[in-house]
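Notes to accompany the following structure.
Values quoted throughout were computed directly from the atomic coordinates according to the rules given, and no laboratory measurement underlies them. Because the structure is predicted, anything quoted here is derived from the model rather than measured. Positions of Cβ are generated from backbone atoms using ideal geometry, with glycine treated the same way; all protein chains shown enter the neighbour counts.
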């Protein structure tokens with residue numbers, strides 16, 4: 001506790017860091033305010049009543065779709081799409097950089113290449129918005145809300161809209177502008193605030209639902225049981241949640257250290273990757289993360305599992321509809337079985353394309369480095385590939401366990417809203433962003449106090465020199 005208070009005091013004393021944190025908080029509040037502004041012509045109260053009457057499968061589906069937007073998806077807000085188009089565009093660009101040689105060379109072209117890739121990602125985000133916005137409006141009017149009652153109960157002041165076409169045009173334009181404005185907020189946080197702006201926006205949308213979920217869980221436990229017994233059950237659930245968070249932190253930070261030796265102690269490496277760094281210490285090593293793919297396998301798997309549901313209402317074959325209906329229940333056995341298999345497959349796939357062992361072997365050989373008892377070149381690449389495969393499989397299995405853990409705890413009696421915080425994409429994103437934020441704050445404080453210390457030493461040296 002004393003360490004926490006001391007850390008808060010150090011952050012407050014650092015004027016520039018305090019300013020960055022306040023800017024970040026203000027921008028996040030602006031985003032949260034916009035998440036409650038509905039689309040023109042939409043009655044949010046009627047939509048809320050409709051969502052409360054959904055069956056458990058569709059309600060769980062809506063909870064997953066709104067996890068990245070902090071409930072803006074469910075409210076039909078102007079920020080309903082959030083950063084989902086940007087995430088989709090980023091994934092597409094990453095895959096294109098691997099497939100297209102020109103983009104691969106551009107990615108390795110330093111800062112200028114990364115700027116051009118960012119511009120390409122933003123233009124592609126705009127294109128994805130024009131695809132996802134109509135699908136969202138179709139889902140809103142035909143799948144989640146019956147079309148027969150939508151325009152009579154869920155649209156207000158239809159005399160101002162004239163017809164359905166104007167509503168669709170306004171909806172697509174506003175949803176697209178909402179995504180662009182959300183990206184602008186994320187860029188401002190990254191440049192003027194602290195941490196990665198897009199990641200903090202996603203985390204804020206997840207965290208904002210936690211107080212309501214935990215209060216609802218406590219009220220249900222007190223209502224269904226005696227006060228003392230209900231409180232004991234609630235405490236056990238909180239303790240188990242803390243253990244799951246600690247396990248997730250260990251899984252995210254787990255690395256396999258490969259020792260590296262250099263011909264000369266003055267040699268350094270120019271290879272750099274966001275998921276992989278060669279750390280220079282007294283004993284240099286190459287850290288291979290157990291979950292180098294991060295949350296991407298879960299995002300890919302959820303996208304595939306949700307894909308058939310968009311065509312559920314357009315299929316007239318009853319046998320196919322029954323198969324799709326099985327995957328509608330995110331807490332069901334078959335959904336979680338296929339979800340687990342997809343996560344394991346995509347973990348291997350994404351790890352293979354994000355960690356190029358041949359390029360690492362080439363960079364080590366070029367800089368005079370080698371792994372002890374392993375020949376440089378192809379043998380080094382094969383050795384790294386074997387080690388990577390051995391640590392990726394348990395990492396993929398543990399990642400899949402965390403992903404399906406909300407369904408498991410939901411079967412044990414925990415409410416659906418609160419169970420989403422026991423694992424899945426939500427927990428991994430929150431833990432990863434908080435760890436990255438803590439690391440950036442510690443680095444900033446270290447530089448801040450180091451500069452003050454060096455300035456103090458310089459002043460003392462100048463004073464002693466002038467005295468002499």
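Before moving on, here are some points about what is shown:
- For the peptides 356-365, 438-447, the ranking by mean Cβ contacts within 10 Å, running from highest to lowest, is 356-365, 438-447.
- For the pair residue 92 and residue 169, the difference between a 0.36 nm per residue extended length and the Cα-Cα distance amounts to 25.1 nm.
- If R0 is 35 Å, the Cβ-Cβ spacing of residue 135 and residue 374 corresponds to a FRET efficiency of close to 0.10.
- Gap separating the Cα centres of region 370-423 and region 81-132, nearest whole Å: 26 Å
- Added length on full extension, which subtracts the Cα-Cα distance from 0.36 nm per residue, residue 190 to residue 12: 62.1 nm
- Computed from label points 7 Å out along Cα-Cβ, the spacing between residue 226 and residue 119 is 7.1 nm.
- Simple spin-label estimate for residue 445 and residue 29 in nanometres, 7 Å along Cα-Cβ: 2.4 nm
- Modelled FRET efficiency - R0 30 Å, residue 397 with residue 325, Cβ distances, 0.05 increments: 0.60
- Cα-based shape type of region 346-399, given that a ≥ b ≥ c are square roots of the gyration tensor eigenvalues and the cut on a/c is 1.5: prolate
- Stokes-Einstein diffusion of region 356-451 at 37 °C, 0.692 mPa s viscosity, Kirkwood radius from Cα pairs, rounded to a whole number: 191 µm²/s.
- Sites residue 250 and residue 387 - FRET efficiency at Förster radius 22 Å, r taken between beta-carbons, to 0.05: 0.70
- Peptides 111-117, 243-249 ordered by average Cβ neighbours within 10 Å, highest first: 243-249, 111-117
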